1. For the range 302-333, which residues satisfy the criterion of being assigned to a helix (DSSP H, G or I), open to solvent by 40 Å² or more (accessible area, probe 1.4 Å), touching a helix residue (DSSP H, G or I) at 6+ places or on another chain (Cβ under 9 Å) and away from ligand 2 (no atom under 16 Å from the Cβ)?
2. Mind checking which strands (runs of 3 or more DSSP E) fall wholly inside the range 60-158 and carry at least 2 residues that are basic (Lys, Arg) and away from ligand 1 (no atom under 16 Å from the Cβ)?
3. Cβ-Cβ distance below 8 Å, separation of 6 or more or different chains: which pairs start in the range 106-132 with a residue that is open to solvent by 20 Å² or more (accessible area, probe 1.4 Å) and end on one that is modelled with pLDDT under 95?
4. Somewhere in the range 265-279, is a residue under 22 Å from PRO199 (Cα atoms) and among the hydroxyl-bearing types (Ser, Thr, Tyr)?
5. Can you confirm whether the range 133-142 contains a residue that is over 26 Å from GLY41 (Cα atoms) and not assigned by TED's automatic domain parsing to the domain that holds PRO199?
6. Only one of ALA94, ALA77, ALA101 is crowded, with 20+ Cβ neighbours inside 10 Å and over 14 Å from ILE17 (Cα atoms). Can you tell me which?
7. Could we say that ARG152 is open to solvent by 40 Å² or more (accessible area, probe 1.4 Å) and not assigned by TED's automatic domain parsing to the domain that holds CYS263 here?
8. Filter the range 31-44 down to residues that are within 17 Å of the chain's Cα centre (by Cα) and either basic (Lys, Arg) or open to solvent by less than 60 Å² (accessible area, probe 1.4 Å) (or both) and give me whichever is modelled with the lowest pLDDT.
Amino acid sequence: MIVLGIETSCDETAAAIVDGERRILANVVASQIATHRPYGGVVPEIAARAHLSAIDGVVRQALADAETTMSGIDAVAAAAGPGLIGGVLVGVTAAKAIAVARGIPFVAVNHLEGHALTPRLTDAVPFPYLLLLTSGGHCQTLIVRGPGDYRRLGTTIDDAAGEAFDKTAKMIGLPYPGGPEIERRAATGDAKRFSLPRPMLHAPGYDFSFSGLKTAVRQTLARLPGPPTATDVADLCAGFQAAVTETLVGRVKPALAAFREACPQGRHLVVAGGVAANSALREALAALARDSGLAFVAPPLKLCTDNGAMIAWAGLERLAAFGQGDGLDFKPRPRWPLDAAAPKARGAGVKA
Ligand code: KG4
Ligand code: ZN
């Protein structure tokens, strides 16, 4: 079984070809970072247009890299939400058109499920596992029991961790996307110079919060005698990264306890999503897993940030689990929780 996966839900136009043996035959990612950089974040309308002009070339390149043609593809999957709807429409429409033209199944994949199942593509991790899904738009702990079968434990009550990285970088005057930039600067900084909060570290439950941390960075900047020097920037980046890492790890701890109780047979802690590319976070989570007697799995960096391989793989998993794809009348979903039964997050910063 060979599946073409298309991803257009944020600022990467991506197409990949993956087979049922977990081989990635092609993985093409056309990033729009340079297009959005002048605005300090992703502009939805610009993203949708950029996806439209890039999609054909990206799919063609994936077929060429895999040394195949459309007739070598057995099914086509696309990220059908959650995400910026203009972009999602481009990928879903392209995938449906290919499915109709070739008479092959179309699979509507939840973008978050793409991230969530990636550790099975890279490391064949068995179900169930505890997942920290941390990206630009989401920050959740989930028990992953199977394709389409998730129990959400915690979620953010305000910003996602990646969003906090991006907004903080913007405040400090660093370019978009903030995560990689902050990580680079943090390498030479003193994490202890500025004292920054660890929001909700000891709160009951499993939820996350990052907006107070962002405010603390703003106040720290305002207290500096002048514009931040290179040392100030490095120290702030190091302090911020340490605070995010400790907050994430601190909130995963109670989720791990809940996971062990719900799934005593579970053996893996997994991290996925763009922020999973951060090495300080990976190291801290690896240590937590080690202390808890669990194996730790983090996908390689280029499979942490958005890509088509995760969509193709989730498509393969869904076809194997459910025996069929989705109807061509499937409507893209700007909002699409992995665990529809999870209670709504509560807190001052919860977004509508
Ligand atoms: O999963 P992703 O590519 O797109 C979304 O679905 O959101 O995640 C992008 C996010 C951005 O907020 C970016 O700043 C963050 O992941 N990110 C990082 C790193 N690389 C990307 N955050 C911290 N450290 C990194 N090395
Ligand atoms: Zn993503």
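1. Residues of the range 302-333 assigned to a helix (DSSP H, G or I): 302-304, 309-322.
If we keep only those that are open to solvent by 40 Å² or more (accessible area, probe 1.4 Å) as well, we get 302, 318, 320-322.
With the extra rule that they be touching a helix residue (DSSP H, G or I) at 6+ places or on another chain (Cβ under 9 Å), the set shrinks to 302, 318.
Selection gives ARG318 alone.
2. Values: elements: 75-79, 106-109, 129-134, 139-146, 149-155.
Answer list for the range 60-158: 149-155.
3. Between residues of the range 106-132 that are open to solvent by 20 Å² or more (accessible area, probe 1.4 Å) and residues that are modelled with pLDDT under 95, there is no close pair.
4. yes
5. First, the residues of the range 133-142 that are over 26 Å from GLY41 (Cα atoms): 142.
In the following step, the residues that additionally are not assigned by TED's automatic domain parsing to the domain that holds PRO199 were identified as none.
Taking every residue of the range 133-142 in turn, none turns out to be over 26 Å from GLY41 (Cα atoms) and not assigned by TED's automatic domain parsing to the domain that holds PRO199.
6. On the way: ALA77 fails: over 14 Å from ILE17 (Cα atoms); ALA101 fails: crowded, with 20+ Cβ neighbours inside 10 Å.
Only one candidate passes the filter, namely ALA94.
7. Numbers: open to solvent by 40 Å² or more (accessible area, probe 1.4 Å): yes; not assigned by TED's automatic domain parsing to the domain that holds CYS263: no.
No, not satisfied.
8. Filtering the range 31-44 down to residues within 17 Å of the chain's Cα centre (by Cα) leaves 31-33, 41-42.
Applying the additional criterion that residues be either basic (Lys, Arg) or open to solvent by less than 60 Å² (accessible area, probe 1.4 Å) (or both) yields 32-33, 41-42.
Working: GLN32: 90, ILE33: 89, GLY41: 84, VAL42: 89.
It comes out as GLY41.
The values are calculated or read from the model by the stated rules, or taken from the named source; none is laboratory data. Everything numeric here is computed off the predicted structure, so don't read it as measured data. When we count neighbours, we look across all protein chains shown, and the Cβ atoms used for this are built from the backbone with ideal geometry, even at glycine. Keep in mind that these areas ignore ligands, DNA and RNA; they rest on the heavy atoms of the full protein, side chains included. Shrake-Rupley method; radii C 1.70, N 1.55, O 1.52, S 1.80 Å.
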